[in-house]
């Protein structure tokens, strides 16, 4: 069965600290996609990244980086030098190629609080 | 460029009253459309999705229904609201090419009293 687990319900750090959000997934499919979305206090979810199961290269985008490890079924998200604007709820999600219309299986989300 | 709008942004309704939330997409044709619900402090639950006009798939049996009268219009309805219908409702769109990359509306916060 497909499942996405974000064990960290809430994380609070002081501005400029690095923070890692964990995501562990379960799937039997060999072709799948992993995602991270950000939900700021305004409520609108924003797509951050998509990774397919055949590409384990880590991705870096500015202060954001993602570590995809198939051996541990994890797709962790790190924010370097965090800023107050990074405060949001972050969702990890999984989509399987066999699943109709690539519907997303969502984790429960991690609320990130960046204190000034 | 593509945009998505949903309204109303906030709604307070008594139990037993009807509901209509609307969502429209601009700048794209034949999008996949989605309605999600997010209960307070919880994750996202897919309620309905549509791959075309009049084609609605329901993910969760519930007190709600959806309709797609036009290609870029998606409506979420209820004939009689329940307290458990309270939550944050999000409309989203995507295309098959985008594989899971959803674009979300601003959300509609519904409180049923």
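Observations, loosely collected:
- Search result, residues across region B:59-91 that are modelled with pLDDT under 95 and under 12 Å from residue B:34 (Cβ atoms): B:59
- Per-region count, region B:52-74, residues more than 14 Å from chain A (Cβ to nearest Cβ) and surrounded by fewer than 19 Cβ atoms within 10 Å (Cβ to Cβ): 11
- Residue among B:48, B:103 that is under 17 Å from residue A:46 (Cα atoms) and within 12 Å of chain A (Cβ to nearest Cβ): B:103
- Scanning region A:97-114 for any residue that is surrounded by fewer than 17 Cβ atoms within 10 Å (Cβ to Cβ), in contact (Cβ under 8 Å) with a residue 60 or more places away in the chain, away from chain B (no Cβ under 13 Å) and in a strand (DSSP E or B) turns up at least one such residue.
- Restricted to region A:51-72, and to residues there that are within 14 Å of chain B (Cβ to nearest Cβ) and surrounded by fewer than 17 Cβ atoms within 10 Å (Cβ to Cβ), the residue that is nearest to the chain's Cα centre (by Cα) is A:52.
- Test: residue in region A:7-24 that is at pLDDT 95 or above, within 13 Å of another protein chain (Cβ to nearest Cβ), loosely packed, with under 13 Cβ neighbours inside 10 Å and in contact with a strand residue (DSSP E or B) (Cβ under 6 Å, 6 or more places away or on another chain): yes
- Meeting the requirement of 2 or more residues that are more than 14 Å from the chain's Cα centre (by Cα) and in contact (Cβ under 8 Å) with a residue 40 or more places away in the chain, the strands (runs of 3 or more DSSP E) wholly within region B:1-101 are B:10-13.
- Every residue from region B:102-113 that is closer than 10 Å to residue B:36 by Cβ and assigned to a strand (DSSP E or B): B:104
- Just one of the listed residues (A:46, A:4) is buried (at least 16 other Cβ atoms within 10 Å of the Cβ) and within 13 Å of another protein chain (Cβ to nearest Cβ), namely A:4.
The values are calculated or read from the model by the stated rules, or taken from the named source; none is laboratory data. Since the structure is predicted, the reported quantities are computational estimates derived from the model, not experimental observations. Every residue, glycine as well, gets a Cβ built from its backbone with ideal geometry; the counts of neighbours run over all protein chains shown.
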